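Worksheet for the structure shown next.
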Amino acid sequence: IRRAAGLHRLWFNPCVFACAPQNASYLDREDPDLPVCVEQTVLVWIPLGFLWLCAPWNLVSLCRRTQVNTKHLSKLYICKQAVVSLLLLTAIAGLAITLGEDYGPSADTPSTLKNPGVYYANPVLYIVTWILLLLCQAGVRRREGAVDSATLFVFWLLLVLCDIFPFQTLLREALKLGEIRDIPRFCLFYISFGLELIALILSAVADVPPEAKERNPEAGAAFLSRITFNWFQSMVIKGYKQPLVQEDMWELSEADSTAHINERFQHFMKTEFAAAKVRHQHRLNKKQDERRDKAQEDLKNGLSNGLGKGVSQDMLMMEEKGKKEDEKKKKKKDKEKEKEENYPNAWLITTIYKTFKGVLLESAFFKLLQDLLAFVSPQLLKLMISFTQDKSSYAWEGYLYAVLLLAVAILQSLLLQQYFQRCFVLGMKVRTALMAAVYKKALVVSNEARKESTVGETVNLMSADAQRFNDVTNFIHLLWSCPLQIIVSIVFLWFELGPSVLAGLAVMVLMVPINGLLATKARKIQIENMKFKDKRLKIMNEILNGIKILKLYGWEPSFQAQVEGIRGKELKVMRKFAYLSSVSTFIFSCAPALVSLATFAVFVGVSSDNVLTAEKAFTSISLFNILRFPLAMLPMLIAAIVQTSVSRKRLEKFLGGDDIDSDIVRHDPSFSTFTIDSAVNVCDGSFAWERDAEPLLKNLSLDIKPGRLVAVVGAVGSGKSSLMSALLGEMHCTKGFINIQGSLAFVPQQAWIQNATLRDNILFGSPHEEDRFQDVIKACALGPDLELLPGGDLTEIGEKGINLSGGQKQRVSLARAAYSQADIYLLDDPLSAVDSHVGKHLFDKVIGPNGVLKEKTRILVTHGVSFLPYVDEIVVLVDGVVSEVGSYKSLRARKGAFSEFIDTYDAADIELIPEREDTLPDSPLEDTVTVTLKRESKQSELLRKNSSIKKVQDVGESKKGQRLIEKETMETGQVKFSVYLQYLRAMGWGYSVMVFVVYFIQNIAFIGQNLWLSDWTNDAVVYYNMTYPNWKRDTRVGVFGVLGVCKFFIFFLYRLFVFLGTLLLANASVNASGILHSRLLRNILRVPMVFFDTTPIGRVVNRFAKDIFTVDEAIPQSFRSWILCLLGVLGTLFVICLATPFFTILIVPLAVVYYFVQRFYVATSRQLRRLDSVSRSPIYSHFSETVSGLSVIRAYGHQDRFLKHNEITIDGNLKSVYPWIVSNRWLAIRLEFLGNLVVFFSALFAVISRDSLDSGLVGLSISYALNVTQTLNWLVRMTSELETNIVAVERVSEYSELENEAKWVTDTRPPEDWPTKGKLRFENYKVRYRPGLDLVLHGITCDIGSTEKIGIVGRTGAGKSSLTNCLFRIIEAAEGRILIDGVDISLIGLHDLRNRLTIIPQDPVLFSGSLRMNLDPFDRFSDEDIWRVLELSHLKEYVAGLQEGLQHEVAEGGENLSVGQRQLLCLARALLRKSRILILDEATAAVDLETDDLIQTTIRKEFSHCTVLTIAHRLHSIMDSSRVMVLDAGKIVEFDSPDNLLEKQGHFYSMAKDAGITKDENTAL
């Protein structure tokens, strides 16, 4: 027995390396096994080696002396250490057994048969390893933020896997022999194996300390959960149960937060930018030297030439002149070029690289591994096919290959997802860094740099350009990965097919220029398309801004035609683009087939020895499939990089611009010792807006003592606002200096209001103190306004203060300054925007000698002459120079520039500035509700005695309809199927069906082609070792492309079907776009005015811009991809089932799992997308707000607060972007596992049923299955993208179904010349703006005779404007009726009515287009008519003086005409229409007295035969009317001639008195 044991040991002895020849016998049988020597050496060394390599990384934290040991000893940690300690004991036991056997008492007298060395080596190795492991686990515990260790998990996994071999060897041996030979070792092995399994399970659990169970589950996720993104599950489930909201988003980890990213980026940017600056300086110096040398040379040449030739002077002059002009041109070019490159460049990319180096290298590593693994599958496939062909091979080989295929695929999936995750997060971080940098720069940018780009452009830097970088970074690794993949696959193909690969390669290379050509063509078309888009949107914008005018004049058809015209051109271009892209799709889809066809044909044709076997064919095809991707991606990537380089230049230019000089204004307290204490001191300063410009303010010297009130006056353009800017340090100081002691507060001329609550606008970052706050509110007369705002001081103010009137904005701006408790106040004309009595109140209570700020230093720019007597000192500016300084009295006495200035303002003005009723007339942009709010606030301000509108007592009641702007609905949940149907209906049913049929046929053809290939490869088996018959070869090559009909055609027919399909789809989708847009446009123009009052214009424009864009471009794209993917997946499954019928059993469970994953994902992803876009807009709006309020932010010194706020806004966006990225990975990894299972099962079933299969089909089904993972992934992506995009159809159709106003033309049409007399009659007329609101007119009854001139007066909100709106049926009657010449206006069509009345509106709205179009959009009148009316409206000489005359282009909103000229154009419109009834909505603020006079006289003369209704704001203008109608609270209170009304001493009399009109004055008039 003892000898037998010895022999057994000898057999077991791996050191006797005689097992090499035996190896074959181990594997060459039905039940293979590994030799024991391998099990005992190699399989032990692999896991241990891995651990020893990775140990240092885990031990580092033990060496650090830091006290991180705050983590308590968790139960999990104790368990882990206990398991390892037990393993250590087993190892020691193993060593002890060996020692005991060799040297123990039971041992024979020194026997020659000792135990082999391995029995000593292995236990010792294990002992060392386990001790190391104990240390490693302690190290992991001490590592900051670590919950488990990836390396340790991988080590346990390897160990268990490697130990499975000896596990089964020992078992099999024991069963075979029926006894256990070596009981102690057998037991020890199984004990340790059990412990290893336990350790593996423990290492997969995260050790999260209880205090860290916090905001972000990723931080506490274990290794397994991290690589499969399992930690994200909770959000997916939550998103599936109910739509996610912003509150569900997890906190960002420190490394992903904006603050952290920005800090790192700025750190690297400093050094890189400094280096770039140095380089730039070198370049400039070199250029200057070159120029100097050149100039000297020119001088020499010039002198010698002129003298030597003795040419006549004239000739010389001529030559010089010519030369000079050339040089001028050249200089201009040079200058432009220099401007291009006149900033340090080429530093942004390096900065980004250095900031994110770690992530970049990590992702590159993953990508490299994944790329190499991609080539393993085709090789395995090859083995698999040869296995099915060789019936003598053992079954276990097949199973081994199937398992290997699965393992490789899973590894590939894991690596790929890690790579994508890192790349997308990197893209997100780059975008964040750029956005934060742009914002930071915008806060300190100098004025010159600011002038170079508009607010829009800077916002674009933040949105578009940063996004470009984001997109490119996602795929940046493809730059090296694509060439690598191409090279490797060509090498492998060469092994397969030899030189014939070159044929296929040649086809591929030929494709590149064709693609390039198509791409440039497409780009051109795209640019053209953008032009039309911009043009269309510009017109749409104007239409929506001037919609009220269009309705009043009945001009909608003309503008509709204009937009339709542009849209038609746009669709034409789109159709072109669609055709082009279908051609390129055609070529592209032909590419792989052509390539494989070319290669195989050449391969078989070169010599008759070449037989195409299944192995070769399918391995090559799967390699060609790998090739498709890099070849498709490279051109796209290069195009994207080119685009990004443009963005890079723009960003570098902006980020490299000059900063504002912080040392223009000094804050030097010691300065006051020389002069007697002064708060603001300017010493002989000259200031310009730009470095090299003429100074605007020259030789300025000011000395302002603390606590004084100084007024700055001067004519328009004398530099008052510039002086303010200079004191704020916003201008360049060319000489002298400014010294300011104390903090500043600044009130700009145009109030800057943030999109925040009213309280936040006033506090502006200061702490809230209720008493002080109330005092300020009271002083700034904001009390009454607060009562009217729905939420008091917590009311949200819209962007740019949209829901406040001009005066309210100015008062809020002043309140902000008053609350800030600064030492020095710079007030830039804050009183201009408010009514005079309010101005007086503000001066008394805030600014003046008894105001809230009486102790402070105040510098007030003002036009209000009436305040000047009360100020301490007056500074008079004339053309940027201080002409005089002194008190009011002394300056009046001096009779200098100041008294002239006073005299130009009529002396009477000082005593009583006539009261302008309301400086901001109810402009059409303002919503009726705001107007009512304003009316009421005015009333409460002025506390009218006789006002009969009662204050709104109960806000709760009036809430209905008071909600100014309805919140935009964000869709949630699944998109209804009807929306898809709606889109298909728009495409046309015929088209839709055809597209499906064509695509279906095409798919069948594709499968057929490949089935033929598999059949062809079976020939290889038939004609094994025989010469391949020629006829057979020809048919095969032919039929590979033909499908058994004739030679090459059906192959192309299939491609043609693809082509047909894309063409049909292109046509159909262009149709759909056209239909959807025209429906939307038609409807929007027919919607009643109320809709525009309650909907922000941006929202409507968005439907025409973003949503129509989606319908035009995104939907067809995703629709096509979706169909292709769907059919692709179905085709694949079909082929696999055909090859291995077993597979059908599996389809159902796979489909179910797939469906659930997909539904879960889509619900979450869609909502995350929406959250992303919702949280993105605040970033941009906050940014544009900041840029427009820069001077205010800088004046108060609040840059840091705004930076912080920007970081918070960006973080808010990242919180939804990051989960979205992860959700994609979560989905991808699950789907890829599904796909990998498909591959595995198709391989497995192929092995099981290999006797009944031919190798061709096996190859086909597996190569298809290898493709299916990608396609599955895309299918889900496309489904969710289609769902996201189809929402646009939903939104467009929502606006195409709004209810319309009355018909434009009805059956009852008035006579042609109606109204002949122009008699008006109101009968008990009542009206309300919207259902649910109060009546605005309460039963008006009156008669107005033919050609009467009626003045309509009343306080703000009495219903004057409502009266005109009723005449035009902008609002429909609630009760009663209006008759014009006896015709009830509610019975005729709107256009019939509106075309017969004329209105000259309050604010002149012009549209971009020619002057002629603005006067006569329908081209109804001759040029003579138009010139005549231009003459009457005093515009003839102006228009005649223009180059294009009537064709002169009017800019958007009439920007290039003065306000007066615009008003006169509106008058010309009215004269042109010659109708019998004219309504004059009097323009108040817009027009200077001169123009007003012109208009009045023209109207008196030209419209003497018409009925004229004038809505007056200044009473002067209606004192000559035949009758005056006084409205109050929607009722007529007085209606009589002006004289009688003055006698009566009622309402009219009191209004006239307010305006300073008395009886005798009127008679004088």
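Miscellaneous remarks
- Residue match in region 1311-1325 (condition: among the acidic types (Asp, Glu), open to solvent by 10 Å² or more (accessible area, probe 1.4 Å), in contact with a strand residue (DSSP E or B) (Cβ under 7 Å, 6 or more places away or on another chain) and not in a helix (DSSP H, G or I)): yes
- Test: Ala276 is of a type outside the set (Phe, Trp, Tyr) and open to solvent by less than 30 Å² (accessible area, probe 1.4 Å): yes
Each row is one residue, and each column tells you yes or no for (1) open to solvent by less than 10 Å² (accessible area, probe 1.4 Å); (2) over 18 Å from Cys1342 (Cα atoms); (3) in contact with a Ser or Thr (Cβ under 7 Å, 6 or more places away or on another chain); (4) modelled with pLDDT of 70 or more.
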| residue | (1), (2), (3), (4) |
| --- | --- |
| Ala1486 | no, yes, no, no |
| Asp1492 | no, yes, no, yes |
| Gln1496 | no, yes, yes, yes |
| Ser1504 | no, yes, no, yes |
| Thr1507 | yes, no, yes, yes |
| Val1526 | yes, no, no, yes |
| Ala1529 | no, no, yes, yes |
| Ser1550 | no, yes, no, yes |
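- Taken over region 1242-1258, the criterion of being part of a helix (DSSP H, G or I) and open to solvent by 20 Å² or more (accessible area, probe 1.4 Å) is satisfied by Leu1244, Phe1245, Ile1248, Arg1250, Asp1251, Ser1252, Leu1257.
- Residue, least open to solvent (accessible area, probe 1.4 Å), within region 34-48, restricted to residues that are outside any loop (DSSP other than H, G, I, E, B) and closer than 18 Å to Trp396 by Cβ: Glu39
- Residue within region 427-444 that is surrounded by fewer than 17 Cβ atoms within 10 Å (Cβ to Cβ) and either touching a residue at least 40 places away in the same chain (Cβ under 8 Å) or farther than 23 Å from Leu1234 by Cβ (or both) present: yes
- Matching residues, region 394-414, being modelled with pLDDT of 90 or more, of a type in the set (Ser, Thr, Tyr) and surrounded by fewer than 18 Cβ atoms within 10 Å (Cβ to Cβ): Tyr399
- One residue stands out in region 1402-1428 among those that are part of a loop (DSSP other than H, G, I, E, B) and among the polar types (S, T, N, Q): the one that is surrounded by the most Cβ atoms within 10 Å (Cβ to Cβ), namely Gln1402.
- A single entry from Ala639, Ala715, Ala632 fulfils the requirement of being in contact (Cβ under 8 Å) with a residue 60 or more places away in the chain, within 30 Å of Gln526 (Cα to Cα) and surrounded by fewer than 19 Cβ atoms within 10 Å (Cβ to Cβ): Ala639.
- Residues that are on the phi < 0 side of the Ramachandran plot and at pLDDT 80 or above within region 825-842 comprise Tyr825, Leu826, Leu827, Asp828, Pro830, Leu831, Gly839, Lys840, His841, Leu842, listed in sequence order.
- Candidate set: region 511-549, residues that are without any contact (Cβ under 8 Å) to a residue 12 or more places away in the chain and within 30 Å of Pro1404 (Cβ to Cβ); chosen: the one surrounded by the most Cβ atoms within 10 Å (Cβ to Cβ): Lys531
- Flag for Val1305 being under 20 Å from Lys551 (Cα atoms) and either within 44 Å of the chain's Cα centre (by Cα) or of a type in the set (Asp, Glu) (or both): yes
- Residues in region 1259-1270 that are open to solvent by 30 Å² or more (accessible area, probe 1.4 Å) and either over 30 Å from Phe1241 (Cα atoms) or hydroxyl-bearing (Ser, Thr, Tyr) (or both): 0 in all.
- Checking each residue in region 471-510 for being in contact with a Cys (Cβ under 9 Å, 6 or more places away or on another chain) and either open to solvent by less than 60 Å² (accessible area, probe 1.4 Å) or in a helix (DSSP H, G or I) (or both) picks out Thr473, Asn474, Ile476, His477.
- Taken as a whole, the structure places Ser722 among residues that are among the hydroxyl-bearing types (Ser, Thr, Tyr) and either buried (at least 20 other Cβ atoms within 10 Å of the Cβ) or out of contact with any strand residue (DSSP E or B) (no Cβ under 8 Å at 6 or more places or on another chain) (or both).
- Test for Ala1163: is it in contact with a strand residue (DSSP E or B) (Cβ under 9 Å, 6 or more places away or on another chain) and hydrophobic (A, V, I, L, M, F, W, C): no
- All conditions but one from (1) within 29 Å of the chain's Cα centre (by Cα); (2) open to solvent by 60 Å² or more (accessible area, probe 1.4 Å); (3) of a type in the set (Val, Ile, Thr) apply to Val205; the one that does not is (1).
- Failed criterion for Ile641 (all others in (1) in a loop (DSSP other than H, G, I, E, B); (2) closer than 30 Å to His477 by Cα hold): (1)
- Counting only helices (runs of 4 or more DSSP H) that fall entirely inside region 977-1087 and contain at least 1 residues that are at pLDDT below 70, the qualifying elements are 989-1022, 1030-1042, 1049-1085.
- Total residues in region 1340-1349 satisfying the condition of being crowded, with 16+ Cβ neighbours inside 10 Å and of a type in the set (Gly, Ala, Ser): the figure is 1.
- With respect to (1) more than 52 Å from the chain's Cα centre (by Cα); (2) farther than 27 Å from Ser686 by Cα, the lone exception for Phe867 is condition (1).
- Matching entry among Thr1164, Thr1186, Thr1132 (being part of a helix (DSSP H, G or I), within 24 Å of Tyr1264 (Cα to Cα) and of a type in the set (S, T, N, Q)): Thr1132
- Filtering region 869-883 to residues that are in contact with a Lys or Arg (Cβ under 7 Å, 6 or more places away or on another chain) and open to solvent by 10 Å² or more (accessible area, probe 1.4 Å) leaves Asp872, Glu873, Val881.
- Residues located in region 1179-1211, provided they are crowded, with 18+ Cβ neighbours inside 10 Å and among the aromatic types (Phe, Trp, Tyr): Phe1183, Tyr1196, Phe1202
The values are calculated or read from the model by the stated rules, or taken from the named source; none is laboratory data. Quick caveat, the model's predicted, so the values are computed rather than measured. Here Cβ is always computed from backbone atoms with ideal geometry, including for glycine, and neighbour counts include all displayed protein chains. Areas reflect the complete protein model, heavy atoms only, side chains present, ligands, DNA and RNA absent. Shrake-Rupley method; radii C 1.70, N 1.55, O 1.52, S 1.80 Å.
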